[in-house]
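Structure first, commentary second.
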Amino acid sequence: MPQEKTLKEATIAPKKARDPEEVTICESTTQMLRKARRDGVETAFDRAANMRACPIGEKSACCKHCAMGPCRLNAKYPYKQVGVCGANIDTIMSRNFARMVATGSACHNDHGMTMLNVFRDVVNGDIDDYAIKDINKLEQVAGSIGIEVDGRSPKEIATDLYQELEKTYTQVEGEMPFVKRVPEKTLETWRKLDIVPRGAMREVMELMSRTHMGCDQHYENITKQCSRTALADGWGGSMVATEIGDILFGTPSAMSVEVNMGVLKEDQVNIIVHGHEPNLFDSMIASVNEPTLVEVAKKAGAKGINLVGMCCSGLEMMSRYGVPHAGNFMSTEAVLVTGAVDAMAVDIQCIKQGLAKVAECYGTHLFTTNPRCHIEGAQHIEFHERDPKTCTDEVVIKAISRFKNRSLPIEIPKIVSKGIHGFSHEYINYMLGGSFRASYSPLNDNIINGRIRGVAGVVGCVNPRVKQDWVHVELVKELVKNDVLVLQTGCSQIALTKAGLTTPEAAIYAGPGLGEVCETVGMPPVLGLGACVDNSRILIAASEMVRIGGLGDSIADLPVAGAAPEWMSEKAIAIGQYFVASGVFTVFGVTFPIVEETKFHKHLFEELEQQGLGKWGFSPDPYEIAKMMIDHIDKKRKALGIDKARERVLMDMADRRAVDAA
Ligand code: BF8
Ligand code: SF4
């Protein structure tokens, strides 16, 4: 049995071992970590236990931007020393922070640019495996940036749209196309501060150039370019990825989806797609439904082919097509320990190199598919949008052959959580107002009358430095209990689904006001909006709340707050910075890469707010984060004069008809 031999040879037992229950609240992951231990297989949880975070790097008190260094300062006495070039702690920390923002923004823009290229090729007839699926959305997006839609064909509109949206990346001067969607007063502040993004390539390039040795050495000026580069993500690449994704693959609307490792099926060929761009996944759906391939799978003894998603790829497709989802970032190695995964196909971002070893241990095929992401030890089958099935069919064929030759015992945790997902901005509009008067007015009204205290975006990663999912779940429970409506994306959304908070029945976790709204509308207190690029949907929702009126003139006036309580990636930092620059108080957990009581820290955590933007906050404790967010929401309510909730009157059907008639 070749696989068993592999299992023994490929594994390294971790030196320091932590009890699986200490590192995660995900029961499936716990069960698989126990099995991994029995099998002698190592995961990121073990490596985190054996690798202490570097205390100097953790606080960003070191610089390796030139060969006069690397220079290390002392985080305890940050102003006692400077680098060889004379760079002080604020310069060093802000340059490091800037490079995280640049990388994060580059990732989302790179992803968005791929989506736009596919869209262009579809419009020009160079690709026929994809098509424009949502014409309404096409017209609506085009209209929102001033493209004429009346009386024009989809092809004409789409041609103008891709040409216009290309400026998101390539424009050198001027303002990015989606800046037209920014509330006027917010935009005024950006213009005053000179942080309106021009084109993403320019912003990322300039930020990288300014952080070179001996260039920009004022933390305030560096922060300005951080904001500009981050805004080029949220209102640029991420928003393009979301909008083009909707046009090509359909705008999500609420549907019930199964989540957790129990979606794997022992008697079927199991294929997982993990990564970020929806293109690979969409073609994989076509391949697993190919009758000839299904036939081959049946001949191999399988009942069928079972396709499931993980991380953001999974979120893209669960929100659009209801494809089951096996888990978030910290479960990607654990899921392979089931032995039931016949193939995992990945594209870009958040794909641990450690997967290659675990896949080897269990004889799972790990395929990289993207020219921007190869992994040593994984098989590479390149995916081309102009000929997608060549790649995805081969993945399916290899998965079937692995199924046929399965020799190791299989253990699938029998855990599945159902939740409602697919709350796009458009669907929320429809859900709140109905199809004839789709509107955010009921949301604003319920915030003004105090039933809903405010809105929180709880998003982002999971991180083995903290107990997986726990900070997300405790934070969100605390928020909804206090009548704060929670919007979610990314790995956080999966954490809350596993905890059962994405069902309408979860209204019981909500405070009386929010609970009443949830029951009336039939919605969960926690609304899942999709993948990390779909944080752009939160920006659109916030802009719409401003436009509807009654809650101030800019995003900074709204009673809203954001959090990424278990963040780990540079993309998360870019997202945090674009929320802050858009006007949102944004709290991160785990750790924050800045020395406290420094000028740069004060700048991010206090002074940006005084400039009319949002500000950063930090706490590793979910209850403390909740308190910070709720205090901020209350502060904003007070400024708006809605702190004393109006007397709460419940409308009956007669009242409703009267309102409708009026
Ligand atoms: O973009 S939440 S771990 S999977 S970075 Fe990555 Fe973080 Fe998950 Fe998607 Ni987002
Ligand atoms: Fe040291 Fe300055 Fe070089 Fe950084 S840029 S490594 S602080 S000398």
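The values are calculated or read from the model by the stated rules, or taken from the named source; none is laboratory data. A quick note: this is a predicted structure, and the numbers were derived from the prediction, not measured. Virtual Cβ from ideal backbone geometry, glycine too; neighbours counted across all protein chains shown. What goes into the accessible areas is simple: the full protein's heavy atoms, side chains included, and nothing from ligands, DNA or RNA. Shrake-Rupley method; radii C 1.70, N 1.55, O 1.52, S 1.80 Å.
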As a Kirkwood estimate from alpha-carbon pairs, the range 405-522 has a hydrodynamic radius in angstrom of 15.7
Can you give me the % of accessible surface on the chain that is carbon or sulfur? Probe 1.4 Å, all protein chains present, nothing else counted.
52
Which value, in Å², gives the accessible area per residue of the range 490-630 when a 1.4 Å probe is used on the protein heavy atoms?
27
How much of the DSSP bridge set in the range 247-376 is antiparallel, in percent, rounded to the nearest 5?
5
Alpha carbon Rg of the range 233-387, scaled by the compact-globule rule 2.2 N^0.38 Å
1.01
Is the chain rounded, prolate or oblate when judged by the Cα gyration tensor, a ≥ b ≥ c being the square roots of its eigenvalues, rounded requiring a/c under 1.5 and prolate requiring a/b larger than b/c?
rounded
Find how much the distance from Tyr623 to Arg72 grows on full extension, using 0.36 nm per residue of separation minus their present alpha carbon separation; answer in nm with one decimal.
194.9 nm
Let me check I have the definition right: for the range 37-83, take the eigenvalues of the Cα gyration tensor, multiply each by 5, take square roots. What are those semi-axes in whole Å, largest first?
34, 13, 5
Short version: ³J(HN,Hα) in whole Hz for each residue of the range 25-31, in order, from phi by Karplus 6.51 cos²θ - 1.76 cosθ + 1.60 (θ = phi - 60°), x for Gly and Pro, what are they?
9, 7, 5, 5, 5, 4, 4
Taking a ≥ b ≥ c as the square roots of the eigenvalues of the Cα gyration tensor, with a/c under 1.5 meaning rounded and otherwise prolate when a/b exceeds b/c and oblate if not, the range 149-279 is oblate
MRE, 222 nm, helices only [DSSP H, n ≥ 4, -39500 (n - 2.57), over the chain, to nearest 500]
-14500 deg cm²/dmol
Tally Lys and Arg at +1 and Asp and Glu at -1 over the other residues with C-beta under 10 Å from the C-beta of Gly174: what net charge comes out?
0
What aspartates and glutamates could a cross-link reach from Lys155, if we take a straight Cα to Cα line under 13 Å and drop same-chain neighbours fewer than 8 places away?
Asp121, Asp134, Glu139
Computed FRET efficiency, Cβ-Cβ of Ala300 and Asp126, R0 30 Å: what is it to the nearest 0.05?
0.25
Around Tyr219, what is the net charge, scoring Lys/Arg as +1 and Asp/Glu as -1 over all other residues with Cβ under 12 Å from its Cβ?
+1
Separation of alpha-carbon centers, the range 14-67 and the range 337-394, rounded to whole Å
23
So what J values fall out for the range 517-533 if you push phi through Karplus, 6.51 cos²θ - 1.76 cosθ + 1.60 with θ = phi - 60°, rounded to Hz, Gly and Pro as x?
4, 4, 5, 4, 7, x, 10, x, x, 10, 9, x, 9, x, 7, 5, 5
Selection of GluC sites (Glu not before Pro), the range 180-268, meeting DSSP coil and at most 10 other Cβ within 10 Å
none
Excluding Thr229 itself, calculate the net charge of residues whose Cβ lies under 11 Å from the Cβ of Thr229, where each Lys or Arg counts +1 and each Asp or Glu counts -1.
+3
Tell me, what is the 1.4 Å probe accessible area of Glu385, in Å² to the nearest 10?
40
Shape call for the range 68-209 from the C-alpha gyration tensor, a ≥ b ≥ c root eigenvalues: rounded (a/c under 1.5), prolate (a/b greater than b/c) or oblate?
prolate
Of all DSSP beta bridges having both residues in the chain, the percent classed as antiparallel (nearest 5) is 15
Accessible area of Glu27 in the full protein assembly, 1.4 Å probe (Å², nearest 10)
130
May I ask you to give the average projected area over all directions of the convex hull of the Cα atoms of the range 256-302, in nm² rounded to one decimal?
4.2
Express the C-alpha Rg of the range 54-141 as a ratio against the empirical globular expectation 2.2 N^0.38 Å, rounded to two decimals.
1.86
Treating only the Cβ of Lys, Arg, Asp and Glu as charged (+1, +1, -1, -1), what charge dipole size does the range 455-541 show about its Cα centre? Round to the nearest 20 debye.
340
